[in-house]
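Report on the structure given below.
The values are calculated or read from the model by the stated rules, or taken from the named source; none is laboratory data. Since this is a predicted model, take the numbers as computed values, not measurements. In this analysis, Cβ positions are derived from the backbone assuming ideal geometry, glycine residues included, and neighbour counts consider all displayed protein chains.
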Amino acid sequence: MPAAFIGHGSPMNTLEANRYTAGWRAFGEALPRPRAILCISAHWLINGTAVTGMAEPRTIHDFFGFPPALFAFQYPAPGAPEVAREIVEALAPDYVGLDGDSWGLDHGTWSVLAHVFPRADIPVLQLSLHAGKPAEYHVALGRKLEALRRRGILVLGSGNVVHNLRVIDFRRPEFAFDWSERFDAAVREVMTRRPGEIASVTRHADYARAVPTDEHFLPLLYIAGMCEAAGEAAHAFIEGCTMGSISMTSYVLGAPGPREATGAKASAAGLPDPRQVPPDDTNL
């Protein structure tokens, strides 16, 4: 199976059709059917590492201030307790707890899967982010997760490379601050050439503004670790920033490589360029 990091942006992407959700749908259509999906979402940040182990994970609406239609949305994918145990074994000797009832699927997972696998008929699990661990811990777990690809498990990180809600400009969905673009480009340079060096971007001059809190950035480190273990670089199959301070750039490991770009950014081969979908100014 491939593995991917998706820049998920606003929860409203669940219900909307825009150039980013078009890219997610194209990505899903290009994938072989997974045996199960393991999501690493920015929105399950706890003081420990755990994996959901329930048979029927609930849909968690972990936000406020959005329209009723978003709170009514359900993603009724089954869980997979037997796969959860496989993940615990794959990450040993690091301790991973089995969560039987406290979590489920948060919007970092289902806002993306609503487009990637809209039928919600593939088992989905979530792996928590350990808030007390440094970047190398998350990269190291990613290296171990790479083995799951050969077991038919799709590993999907969901967050945003740049995520600064303090300076967001809701009026300009196609705008990016210069520092946002610089940091996004620096991360793209590392992920597509030397992903094993991903921790180095924490020393970038724009890191503090781009990543004021790291929960949206951490899921990328797992995919970088998987790239390192596979001996391959990732490909950016969606690129761009929105509302000034949110990067929607997304990466895939193990899919066909990008077409050569001539004066324009290339998307992954076999996937339509999501920039060809006209932006809707009401999105995000």
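Observations
- Considered as a group, the residues in segment 219-235 that are outside any helix (DSSP H, G or I) and among the aliphatic types (A, V, I, L, M) include one that is farthest from the chain's Cα centre (by Cα), and that residue is A233.
- Only listed residue being hydrophobic (A, V, I, L, M, F, W, C) and touching an Asp or Glu at 6+ places or on another chain (Cβ under 6 Å), chosen from V211, V201, V161: V161
- E86 acidic (D, E), at pLDDT 95 or above, more than 16 Å from the chain's Cα centre (by Cα) and surrounded by fewer than 14 Cβ atoms within 10 Å (Cβ to Cβ): no
- Count of segment 109-122 residues which are in contact with a helix residue (DSSP H, G or I) (Cβ under 8 Å, 6 or more places away or on another chain), assigned to a helix (DSSP H, G or I) and not hydroxyl-bearing (S, T, Y): 5
- Residue among K144, K133 that alone is of a type in the set (K, R), in contact with a helix residue (DSSP H, G or I) (Cβ under 8 Å, 6 or more places away or on another chain) and either crowded, with 16+ Cβ neighbours inside 10 Å or farther than 30 Å from R203 by Cβ (or both): K144
- Screening segment 89-106 for residues that are of a type in the set (D, E) and crowded, with 18+ Cβ neighbours inside 10 Å and picking the one that is farthest from H43 (Cα to Cα) gives D99.
- Verdict on D121 being of a type in the set (D, E, K, R), crowded, with 19+ Cβ neighbours inside 10 Å and over 17 Å from the mean Cα position of the chain (by Cα): no
- Scope segment 149-183; condition loosely packed, with under 14 Cβ neighbours inside 10 Å, aliphatic (A, V, I, L, M) and closer than 25 Å to H115 by Cα; matching residues: L165
- Meets criteria (on the phi < 0 side of the Ramachandran plot and under 17 Å from the mean Cα position of the chain (by Cα)) for H61: no
- Residues (within 16 Å of A42 (Cβ to Cβ), part of a helix (DSSP H, G or I) and either touching a Cys at 6+ places or on another chain (Cβ under 8 Å) or among the small types (G, A, S) (or both)) located in segment 131-150: A135, G142
- Tabulated pairs, segment 163-190, first under 15 Å from T242 (Cβ atoms) and of a type in the set (G, A, S), second assigned to a helix (DSSP H, G or I) and modelled with pLDDT of 95 or more, C-beta under 9 angstrom, 6+ apart or interchain: A176/D184; S180/R209; S180/A210
- Filter pass, D121 being under 23 Å from G28 (Cα atoms), touching an Asp or Glu at 6+ places or on another chain (Cβ under 7 Å) and charged (D, E, K, R): no
- Boolean, E86 is without any contact (Cβ under 8 Å) to a residue 12 or more places away in the chain and in a helix (DSSP H, G or I): no
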